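Heads up: the structure comes next, in C-alpha cells.
The values are calculated or read from the model by the stated rules, or taken from the named source; none is laboratory data. These numbers were taken from a predicted model, which means no experiment stands behind them. Cβ: placed from backbone, ideal geometry, glycine included. Neighbour counts: every protein chain shown. Heavy atoms of the whole protein, side chains included, go into the accessibility calculation; ligands, DNA and RNA do not. Shrake-Rupley method; radii C 1.70, N 1.55, O 1.52, S 1.80 Å.
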Amino acid sequence: MAKATFIHHFRTPRIAYEGPRSRNPLAFRHYNPAEVIEGRTLKEHMRFSIAYWHSFRGTGADPFGPGTIIRPWEQGKDPVSVAKVRMDAAFEFFQKIEAPFWCFHDRDIAPEGRTLTESNKILDQIVAHAKQHQKATGVKLLWGTANLFSNPRYMCGAATNPDAHVFAYAAAQVKKALEVTQELGGENYVFWGGREGYETLLNTNLKREQEHLAAFMHLALDYAKRIGFKGQFLIEPKPKEPTKHQYDFDVASGIAFLRTFGLEKHFKFNIETNHATLAGHSFQHEIEVAAAQGMLGSIDANSGDPLLGWDTDQFNTDVKELTLAMVSILRAGGLGTGGFNFDAKLRRPSIDPEDLFHAHIGGMDAYALAFKLARRIRADGKLEQFVADRYASFDAGYGRDIETGKATFQSLEKLVLTKLGEPAPRSGKQEYLENLLNTYLHG
C-alpha cells in the first residue's frame, strides 16, 4: 500500500521518546518503545492497543447533546467509502503513536446493512482493507468482538434475550465476528455483554437466561475449534452499564458463572478499570481476583470520575493506581496474549485531532512509568517480604497442616488448649506500608 494513504489525515508528526525532562507536549517522557528490559522492548512488554470505537467512532455526544468532535476524514455520502478513509486515518494514528495493536467491534469498522447478508459483505470489504493496512504497518489485532448492544434488536439482550430469534441472530453475528478476527490474526476474542442482564424480575426468568448465555458461550467455543481459531476467549465484566442487573457484574461473579457451566478452562478476563470502580472494587482488586484463579487475560486501560456514577471512560494518568495494578500484573506473570487497550475517550470539549495524541501520550506514559515503578518495587522486595512474613505462620507446622488439609477441628482445639493459648495481636502496619509505597512513587 502506498504511503500516501497516511499523509493528510493528521498534521501531528510521529511521537518520539524525549525522556522525563522533556517539556514537549507531543513527546513521550516515560514510554520508550525501543528500551530493552530483561530481553524485551518496552513496546513488547506493554502491548498497547488503540480502541477503534472511542478513538475513531466517538463523536463526543452525550445524553444532553450531539457530537462535538472534529474529524476531517468523516466526509462523503457512501458509508463504505467513508469507513475505508476512516481506517486509513486510524492506521496513520496507530503508527504515529507507536501502538503495536488495535481492537474493534464489528460495527465499529463497517456500517450495518439492511440485512445480515449485506452487513457481512460490507464487513468483508473493510476487513480486506484492514488486512492491507496491517501488512503495510506491522500493527496487529489484539482482539475483535461483536457489537451485540447498539441495534434495537438487542434492547432485551443478545444471548439472554427472551426471543430465540434474537439469540439466533446474535449467534450468526458472532460467527462472522470470529471469522474476521481469525482473518486478521486476532490474538483474543472478547465477549462484552453490554445488555446481558435484566431491568426487572417481573418479566425475567433469570435461571433460563443464564443457561442461555452459557449455551451461547459453548457454541462460540465449538465454532472457534471448528475454524481453527487459537486465540484466547475473554469476558469483560461490565456492571451498571447499561442494564441495572448485569450477569457479568465483576470478576468474582464471572468466575462463578464460568465454573457453574463448565467454561472455566476456556475463558479469562478482560478487566476494565472503570468497570471495577462501578462494581464497588478497586482496579487492583479485580486483577488480584482474576490472577488468583489463573484467569487474568487483558486490560482495558481507562478510569472513571469518582464524582460520577457512570462509565466515563477517561484516560488514566493516576500513577499510584496504575503502579499498584502493575505490581499485581507482574506478580501474576503478565498478561500473556493480552495487552493494555485504551478503551478511553476524549472529553466532550476536546474536539481537535491533536487531542487524540495528547490523550494517548498521557495514558501510555502513565502506564510505562507505573510498569517501571512496579518492577522497582518488586526488585526491592520490601512490600513482598512484609506480606510473606505476615503469613509465615502458615509455612510450617500446624499452619502448613491447615493449608494442606491435614489439620482437623479436634487437632487445632488440642493445640490451643494445651500449647498455643490466646493469640498475640500483630499490627498490619498499613500506614507504614503506605509511606513505603510513597518512597517509590515520589522518591
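Below is a table of values for the structure above.
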item: Inter-part distance where the stretch 157-177 and the stretch 365-443 are each reduced to a Cα centre, Å; result: 47
item: GNM top mover of K140, K240, K121 - the chain, alpha-carbon springs below 10 Å; result: K121
item: Global geometry of the stretch 158-198, whether rounded, prolate or oblate, following the gyration tensor of its Cα atoms and the 1.5 cut on a/c; result: oblate
item: Cα Rg, Dmax (largest Cα-Cα span) when computed across the stretch 395-439, Å; result: 16.0, 46
item: Mean residue ellipticity (222 nm) of the chain, computed from DSSP H runs ≥ 4 via -39,500 (n - 2.57), nearest 500; result: -14500 deg cm²/dmol
item: For the stretch 73-156: relative contact order, % (alpha-carbon pairs under 8 angstrom, 6 or more apart); result: 33
item: Within the stretch 4-84, trypsin sites (Lys or Arg not before Pro) in DSSP loop having at most 13 other beta-carbon neighbours inside 10 Å; result: R11, R14, R21, R23, K77
item: Loop sites in the stretch 360-439: chymotrypsin sites (Phe, Trp or Tyr not before Pro), DSSP, at most 14 other Cβ within 10 Å; result: Y391
item: Neighbour count of at most 14 Cβ within 10 Å plus DSSP loop: longest GluC sites (Glu not before Pro)-free window in the chain; result: 200-443
item: Å² of accessible area per residue within the stretch 354-406, as computed with a 1.4 Å probe and no ligands counted; result: 53
item: FRET efficiency, 1/(1 + (r/R0)^6) with R0 45 Å, evaluated for D163 and L412 via beta carbons; result: 0.25
item: Long pairs among K43/K372; K176/K345; K238/K268, criterion Cα-Cα beyond 18 Å; result: K176/K345
item: Estimated translational D of the stretch 352-405 in µm²/s (Stokes, Kirkwood radius over Cα pairs; 10 °C; 1.306 mPa s); result: 109
item: H245 long-range amide H proximity, modeled H, under 5 Å; result: Y198
item: Using distinct alpha-carbon pairs, which all enter the 1/r mean, Kirkwood radius of the stretch 274-406 in Å; result: 16.7
item: Probe 1.4 Å, accessible area per residue of the stretch 183-330, Å²; result: 43
item: Shape category assigned to the chain from the gyration tensor of Cα positions, a/c cut at 1.5; result: oblate
item: Cα gyration tensor shape for the stretch 1-136, rounded if a/c is under 1.5, else prolate or oblate; result: prolate
item: For the chain, with +1 on Lys and Arg beta carbons and -1 on Asp and Glu, the positive-most of F216, F257, T204 along the dipole; result: F216
item: Whole-Hz ³J(HN,Hα) from phi, Karplus 6.51 cos²θ - 1.76 cosθ + 1.60, for the stretch 62-79, glycine and proline x; result: 9, x, 10, x, x, x, 10, 6, 8, 10, x, 7, 7, 9, x, 9, 8, x
item: Electrostatic dipole magnitude of the chain [Cβ: Lys, Arg +1; Asp, Glu -1; Cα centre; debye, to 20]; result: 840
item: Beta bridges by DSSP in the chain, antiparallel share as percent, to the nearest 5; result: 20
item: In the stretch 54-127, chymotrypsin sites (Phe, Trp or Tyr not before Pro) in a DSSP loop with at most 11 other beta-carbon atoms within 10 Å; result: F64
item: Cut-off under 5 Å, modelled amide H: who pairs with S298 long-range; result: F269, N270, I271
item: Listed residues L335, T404, T439: farthest to the positive end of the dipole of the stretch 305-443 (Cβ charges); result: T404
item: Percent accessible area from carbon and sulfur atoms, the chain, protein chains only, probe 1.4 Å; result: 54
item: The stretch 71-85-the stretch 89-106 distance, computed between alpha-carbon centres (Å); result: 17
